[in-house]
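Accompanying notes for the structure given below.
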């Protein structure tokens, strides 16, 4: 079966961290869940490249913004759940603010002409 | 196929399958499962759902790799790479051992020399706030004095008037010879005469009892009354008995109360001091002119808190200026200054140490080049294995890193072995270093040394590991896999190995040229005519001090008796006494005036020596004019003097000095004693073989004695055989008089070159090792070249080329390498050997003989190294050679 090329854009480099953190503000979640949530919340507009999701989780954990724990899912499957640390909570605000500044700046430039 | 399977297994084994790895596995498996289930829910069959999930994921392995990257894969890979490296090294034990041994030699030599540099130059002095201590000195441009000893009266004025000095202390430099009696056999002690505040200024405490106190500088009767012992002496003499504090011991005939024991770490101004004794000036001496005229004290000041060097110097200059005007007779030309104590004490030892450090640095570079070559050659041998791994998907960076890891493992092993060698080396260096060459006698491999070793080990690994690593990362698998493939890569690698060989030859040439210069200089020194015949003479030194030798006549009587008894011993050809043995330093110096010269004309810095009449005959110092001393030149007889020819040439041009009169006063008055010159003798080198004779006046011992004197005895045969007889005679004359030094004058002469010999020997050893390594390098590379060209040789021989021309192909390549290396090394040496100038005696740093002989010698050795592989190549059997690849 030929596979159709994906129409959804990949998550912009550098914003994945913010999206992951934001997703985790709701509740602790495993990697697959996080990727589904991002897709859901963006109404299918964003597709997380799984290849970069797990390294990103690793990176965030090293930075002390998230913690991980092995738990059982509703279907009795073992999965690694990630949750925000208090530092992570603070980081969400900062990251979001800096993202907004960035978007505003890009918007200003796009308004030229 | 089996090879590939094996390789795959090996590659799998490389991956560290730890807990983190298992967790990641499980996490990703969970992800794929969830995704598959989702796809199934969307209506796909199980197979498509899973395929879709996997496709969407975009490759499990890259994700894992990326994950590992974040996780700090570096460390993990390092672990597996290290294990891999250890395994490969185990499989090539000869290569590993050669590389490790080579590195160990380089690192060991560096560890040893650096530990000496560390102890002598880098470590702070073991005093309180040592950076606040300065060495004070006097200078006198008229006499050519620089950083000279101080006159005590001047120092006292500085202490009182320079407010930037917190306090100032004086001591007599080096170690004096004192005699301990009444505690078993008389014992010679290394004594240091110090002011009462000596320990306070340095900021050191006694481990038991107390140190001296400031008012102990002075003494009513001019005799010391207290003594501070060194830990070593306390242990060896008194068995570390704490009860000795307060006890009285007899030193130089004076009863001294033991007031304190210093800690074992303290021995200043020199190593191995036994006792510190107050200088015990009479208070009245302060105003004595001799106290300002005679320069014999070292003075150390501690800067006042907050006082800067500049302030202190300005104040000192002001005081010295005032003293010039206040005491023109003694201080007219006398300037003063100071140097940080540490720098002053390191002084002359810095250059030899730096030369040695540079030499072992070159050695290590050569070792690195050699190991680099070994690794490259080996990497080349494993080319196909590496190519396979590349084809199987190993990253180029990963392969390069693996190669580098191998270098680090080698370097670490070599470093470890090197440090062990280095520690042994420091013990050896402690034994071999000529006494007094370095300020300290004990070198520790401490943390500073270890940090340095770590740095050079890492640097070495990078140095010799870079080329193999680059090589590993750059290979193109397609080329390498071709049967008998000759890729551009292999040419590039050959360039690398050639560059390394040229480099190590150049370094070895520089090292050998440096060593060659020192050898030449040393030869020059041994051929210097010292002005006397050292062969067959024994020198016995005694110090005639204490109550028994208070008067001149007592000293003279003893010396007369000693000479008489010794000259009666069998095999003795002659015996004489002298205040100073040549090559062991000079006596005191003074100004002098020649009678009949214009008023006010005087000359400076004449050296004095007292000798008994037979001195010149015993030492075979040639008489140029006039006569030697006789027994008639006694006290009471007209004062006479013999001058050396240096005085005659300098101050009696065109005149006959014999019969003229001189006095040793700068401005003669009616009390001045005028001595008649009765003879002119050849000049003796007083200080060192490398120093021209100073102007010197010989005075009859009978007219001016000296408490410290040496008896020189010329014997037929081995002078050392006479030693026991001399000891017996001295003991018979005075059982309480120890002989402080007993050795042949030949020995004195040999010892006077100890530092130069030591430095030369070290450099020759380092150069030999470096040269051997370089030659091995040349041989190794050419052998490899010859092997690689076996087929070509075979074809040439099959086509009828004579063996000689085939040989020449290889030899030519070798000679090109050697020639380029030689040229580079000679140019490098022309620049660097200038740093040796101060260590060379009558040899230019670009000495022609050295610069011709060494390259020629090395060229010939290089030729020999090239010849063997060439011979093998030319013997190639065409049939075998053609099949070989």
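Against the conditions (1) in contact with a helix residue (DSSP H, G or I) (Cβ under 6 Å, 6 or more places away or on another chain); (2) closer than 25 Å to residue B:664 by Cβ, where does residue B:569 fall short? Just the number, please.
(2)
Go through the stretch B:167-204 and report how many residues are assigned to a loop (DSSP other than H, G, I, E, B), free of Cβ contacts under 8 Å to residues at least 40 places away in the same chain and under 31 Å from the mean Cα position of the chain (by Cα).
Adding up the residues that qualify gives 0.
Identify all residues within the stretch A:68-113 that are within 14 Å of another protein chain (Cβ to nearest Cβ) and within 17 Å of the chain's Cα centre (by Cα); write none if there are none.
Of the stretch A:68-113, the ones within 14 Å of another protein chain (Cβ to nearest Cβ) are A:68-82.
Across the stretch A:68-113, the qualifying residues are A:68, A:80, A:81, A:82.
Any residue at all in the stretch B:647-656 that is touching a residue at least 40 places away in the same chain (Cβ under 8 Å), within 25 Å of residue B:749 (Cβ to Cβ) and within 43 Å of the chain's Cα centre (by Cα)?
Checking the stretch B:647-656: at least one residue is touching a residue at least 40 places away in the same chain (Cβ under 8 Å), within 25 Å of residue B:749 (Cβ to Cβ) and within 43 Å of the chain's Cα centre (by Cα).
Select from the stretch B:57-76 the residues that are buried (at least 18 other Cβ atoms within 10 Å of the Cβ), more than 7 Å from chain A (Cβ to nearest Cβ) and modelled with pLDDT of 70 or more and list them in ascending order.
Within the stretch B:57-76, B:64 is the sole residue that qualifies.
Just wondering, is there one or more residues in the stretch B:250-260 that are touching a residue at least 24 places away in the same chain (Cβ under 8 Å), part of a loop (DSSP other than H, G, I, E, B) and touching a strand residue (DSSP E or B) at 6+ places or on another chain (Cβ under 6 Å)?
The answer is yes, given that some residue of the stretch B:250-260 is touching a residue at least 24 places away in the same chain (Cβ under 8 Å), part of a loop (DSSP other than H, G, I, E, B) and touching a strand residue (DSSP E or B) at 6+ places or on another chain (Cβ under 6 Å).
Is it fair to say residue B:802 is surrounded by fewer than 20 Cβ atoms within 10 Å (Cβ to Cβ) and modelled with pLDDT under 90? Show your work before the answer.
Working: surrounded by fewer than 20 Cβ atoms within 10 Å (Cβ to Cβ): yes; modelled with pLDDT under 90: yes.
Spelling it out, residue B:802 is indeed surrounded by fewer than 20 Cβ atoms within 10 Å (Cβ to Cβ) and modelled with pLDDT under 90.
For the stretch A:18-46, give me each residue that is within 12 Å of another protein chain (Cβ to nearest Cβ), part of a helix (DSSP H, G or I) and at pLDDT 85 or above.
Correct list: A:31, A:32, A:33, A:34, A:35, A:36.
Every residue in the stretch A:47-73 that is at pLDDT below 85 and farther than 18 Å from residue B:28 by Cα, please.
Passing the criteria: A:62, A:63, A:64.
Since residue A:42 meets every condition but one in (1) without any contact (Cβ under 8 Å) to a residue 12 or more places away in the chain; (2) surrounded by fewer than 15 Cβ atoms within 10 Å (Cβ to Cβ), which condition does it not meet?
Here residue A:42 meets the rest and fails (2).
Hey, any hits in the stretch B:292-302 for a residue that's modelled with pLDDT under 95, touching a strand residue (DSSP E or B) at 6+ places or on another chain (Cβ under 9 Å) and in a loop (DSSP other than H, G, I, E, B)?
Yes, because at least one residue in the stretch B:292-302 is modelled with pLDDT under 95, touching a strand residue (DSSP E or B) at 6+ places or on another chain (Cβ under 9 Å) and in a loop (DSSP other than H, G, I, E, B).
Pick from the stretch A:47-67 the residues that are in a loop (DSSP other than H, G, I, E, B) and over 12 Å from the mean Cα position of the chain (by Cα): which of them is surrounded by the most Cβ atoms within 10 Å (Cβ to Cβ)?
Taking the stretch A:47-67 as the starting set, the residues that turn out to be in a loop (DSSP other than H, G, I, E, B) are A:48-49, A:64-65.
Subsequent filtering for residues that are over 12 Å from the mean Cα position of the chain (by Cα) retains A:64-65.
Values: A:64: 12, A:65: 23.
Looking at residues that are in a loop (DSSP other than H, G, I, E, B) and over 12 Å from the mean Cα position of the chain (by Cα), I get A:65.
Limited to the stretch B:416-473, what total is found for residues that are within 18 Å of the chain's Cα centre (by Cα) and over 30 Å from residue B:499 (Cα atoms)?
So the count comes out to 26.
The values are calculated or read from the model by the stated rules, or taken from the named source; none is laboratory data. Keep in mind it's a predicted model, so treat the numbers as computed, not measured. Positions of Cβ are generated from backbone atoms using ideal geometry, with glycine treated the same way; all protein chains shown enter the neighbour counts.
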